[in-house]
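The values are calculated or read from the model by the stated rules, or taken from the named source; none is laboratory data. It should be emphasised that the depicted structure is a prediction, and the values quoted were computed from it without experimental measurement. Methodologically, a virtual Cβ is constructed for each residue, glycine included, from the backbone with ideal geometry; neighbour enumeration extends over all protein chains shown.
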Amino acid sequence: MMEVSNDMQMIANHLNDISPKALKIARFVEEEGKLLDVVRIEDLPFMSAVTFATIGLCHHDIGYTINDRPLRTELIGACTPEFEWFANVIVTCALYVAASDQHCAPGTVFPDVVSEIDPEGTLHHVMVVSPFQWDALQPLELEETSLTWLQAVPISEAELSYAKEHGSEQLLEQLLEKGANLADLRRTSIV
């Protein structure tokens, strides 16, 4: 039987601390036998939103260190309740990182992970950014690594082109300036 690591328990405790409601956890098992959980939290980061976050991606190298400690990440994202399938998008992104131990940092794009699940939608890709919607979400010092969070933001084909030309930070700034509802996974592209 696979066991939840101490690191995973620390991450779950942190999410529980910031949650207005009880956590609901779905378990996935990767090929290597490692656990990957996805947590569902209602009414976070705002009322009538749903947050999904991974627990277990922390066991995979993302190619960075901080203060001489390996840096790890977990993914987090929010949507409105009609887009429950967003949990599958977050899992897909996490599994890509886990399978390849690829570098994963703000600005990393996971192509077509949204359109694979919602082919008729306006958004096709996920860009990860430093999280900004969860005030209480904090980096963590785990047993042997440091953990940071990355927010999964679905983007359109035109927004991806904009990010390639102007940078992911500029795209995020435009999304926020134009008031894009990032929890609406069928929102209109801003470019």
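Filter the range 38-89 for residues that are of a type outside the set (S, T, N, Q), within 23 Å of Ser115 (Cα to Cα) and touching a helix residue (DSSP H, G or I) at 6+ places or on another chain (Cβ under 7 Å) and give the result. Before the answer, list the steps.
Let us first name the residues in the range 38-89 that are of a type outside the set (S, T, N, Q), namely 38-47, 49-50, 52-53, 55-64, 66, 68-72, 74-79, 81-87, 89.
Add one more test, that the residue is within 23 Å of Ser115 (Cα to Cα), and what stays is 38-40, 49-50, 52-53, 57, 74-79, 81-87, 89.
Across the range 38-89, the qualifying residues are Val38, Val39, Arg40, Val50, Phe52, Ala53, Leu57, Glu74, Leu75, Gly77, Cys79.
Restricting attention to the range 35-48, report how many residues are surrounded by 17 or more Cβ atoms within 10 Å (Cβ to Cβ) and part of a loop (DSSP other than H, G, I, E, B).
2
Six or more apart or on different chains, Cβ under 8 Å: which pairs go from a residue in the range 1-30 that's touching a residue at least 60 places away in the same chain (Cβ under 8 Å) to one that's in a strand (DSSP E or B) and among the acidic types (Asp, Glu)? Could you list them?
So the pair list comes out as Ile11/Glu74; Ala26/Asp37; Phe28/Asp37.
Considering the range 63-77 alone, what residues qualify as being assigned to a strand (DSSP E or B) and either within 13 Å of the chain's Cα centre (by Cα) or touching a residue at least 40 places away in the same chain (Cβ under 8 Å) (or both)? Step through it out loud before you land on a result.
Step one: of the range 63-77, the residues assigned to a strand (DSSP E or B) are 64-66, 69-77.
Passing the criteria: Tyr64, Ile66, Arg69, Pro70, Leu71, Arg72, Thr73, Glu74, Leu75, Ile76, Gly77.
Among (1) at pLDDT below 95; (2) within 12 Å of the chain's Cα centre (by Cα); (3) under 20 Å from Asn13 (Cβ atoms), there is one condition Val97 misses while meeting the rest; what is its number?
Among (1) at pLDDT below 95; (2) within 12 Å of the chain's Cα centre (by Cα); (3) under 20 Å from Asn13 (Cβ atoms), the lone unmet condition for Val97 is (3).
Answer yes or no: is there a residue in the range 132-139 that is among the aromatic types (Phe, Trp, Tyr), assigned to a loop (DSSP other than H, G, I, E, B) and closer than 21 Å to His14 by Cβ.
Narrowing the range 132-139 to residues among the aromatic types (Phe, Trp, Tyr): 132, 134.
Restricting the remaining residues to those that are assigned to a loop (DSSP other than H, G, I, E, B) gives 132, 134.
The next check asks that each one be closer than 21 Å to His14 by Cβ; those that pass are 132, 134.
Yes, the range 132-139 has at least one match.
Being free of Cβ contacts under 8 Å to residues at least 40 places away in the same chain and assigned to a loop (DSSP other than H, G, I, E, B) is true for just one of Asp112, Asp118. Which residue is that?
Asp112
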